[in-house]
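Data first, discussion second: the structure below is written as structure tokens.
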Amino acid sequence: SQTIHQWPATLVQPVGSPLSLECTVEGTSNPNLYWYRQAAGRGLQLLFYSVGIGQISSEVPQNLSASRPQDRQFILSSKKLLLSDSGFYLCAWSVGQVGNTIYFGEGSWLTVV
Amino acid sequence: AQSVSQHNHHVILSEAASLELGCNYSYGGTVNLFWYVQYPGQHLQLLLKYFSGDPLVKGIKGFEAEFIKSKFSFNLRKPSVQWSDTAEYFCAVNNNDMRFGAGTRLTVKP
């Protein structure tokens, strides 16, 4: 069966520090991969999605970036965190057409102080 | 711009009350529609989905949703809620990517 792993689960980072959140999917090939942010009272915001290695679509201009170095690995990064980057970050995956059901990881709580 | 709107931010009901959560979207063309639920302390999980066919979709735990194309709506319903339905509910629309509404927090009082 397919599983998704996301880490770290929680982290507290100072303003201006770098960020790296990692996500891997097991049990499937060539998944579509997504990064969402869930901020309090603001629902889920799509940040990036990828339909293949090296293919990244950015939905929101910001100081975050994403990379997909391997088929089932998706990384969310920042060179310098802002206070406004605090939130709950979710990695997700789907297969086939981008319109298919997506499945979420357990998320990462980021607090920028 | 493409968007998904959930009209209710917080709904409070007593057990056995009926539930309807609104969801409207602004995409044109063919869309796939979803409702996700996030129970306290748990991750998001799929409640139900509509791809094609019967516009009345039945999901887990007695939930259903009706796709009304002319109204661009996909409202979630449950005839009789339980305390365990307390959660946050997200409507999502997939045209070329998956976009979510802001969510509706449901509190069911025992």
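The values are calculated or read from the model by the stated rules, or taken from the named source; none is laboratory data. Quick caveat, the model's predicted, so the values are computed rather than measured. With ideal geometry, Cβ positions are generated from the backbone for all residues, glycine too; neighbour counts draw on all protein chains shown. Heads up: the accessible areas ignore ligands, DNA and RNA and are worked out on the full protein's heavy atoms, side chains in. Shrake-Rupley method; radii C 1.70, N 1.55, O 1.52, S 1.80 Å.
I'd like the interface area for chains B and A: accessible area of each alone minus the complex, both sides summed, 1.4 Å probe, protein heavy atoms only. What is it in Å² to the nearest 100? Numbers along the way, then the final one.
Details: alone 6020 and 6020 Å², together 10520 Å².
Using a 1.4 Å probe, the pair buries roughly 1500 Å².
When only the Cβ of Lys, Arg, Asp and Glu is charged (+1, +1, -1, -1), the dipole of chain A relative to its Cα centre reaches about 240 debye. Once Rg and the Kirkwood radius are both taken over the C-alpha atoms of segment A:54-113, their ratio Rg/Rh works out to 0.98. Which of the lysines could be linked to B:K61 by a straight reach, that is with a Cα gap under 21 Å, when you skip same-chain ones fewer than 8 residues away? Excluding near neighbours in sequence, the set is B:K49, B:K78, B:K109. When chain A is treated as a GNM with alpha-carbon contacts under 10 Å, the residue of A:Q73, A:Q38, A:Q62 showing the greatest mean-square fluctuation is A:Q62. Quick one: net charge of B:I12's neighbours, Cβ under 11 Å, K/R +1, D/E -1? Net of charged neighbours comes to +2. Which FRET efficiency value, to the nearest 0.05, do you get for A:T111 and B:N95 by plugging their Cβ-Cβ distance into 1/(1 + (r/R0)^6) with R0 = 45 Å? Calculated transfer efficiency: 0.85.
Take peptide B:97-109, look around each residue's Cβ out to 10 angstrom, count Cβ atoms belonging to other protein chains, and average those counts.
Working: counts 11, 13, 6, 6, 2, 5, 5, 1, 1, 0, 0, 0, 0.
The mean count of partner-chain Cβ atoms within 10 Å per residue comes to 4.
Shown is the FRET efficiency for B:S80 and A:L11, computed with R0 = 45 Å from the Cβ-Cβ distance and rounded to the nearest 0.05: 0.60.
Which one, A:G43, A:G52, A:G16, has the greatest fluctuation when you compute a Gaussian network model over chain A with C-alpha springs under 10 angstrom? Maximum among the listed residues: A:G43.
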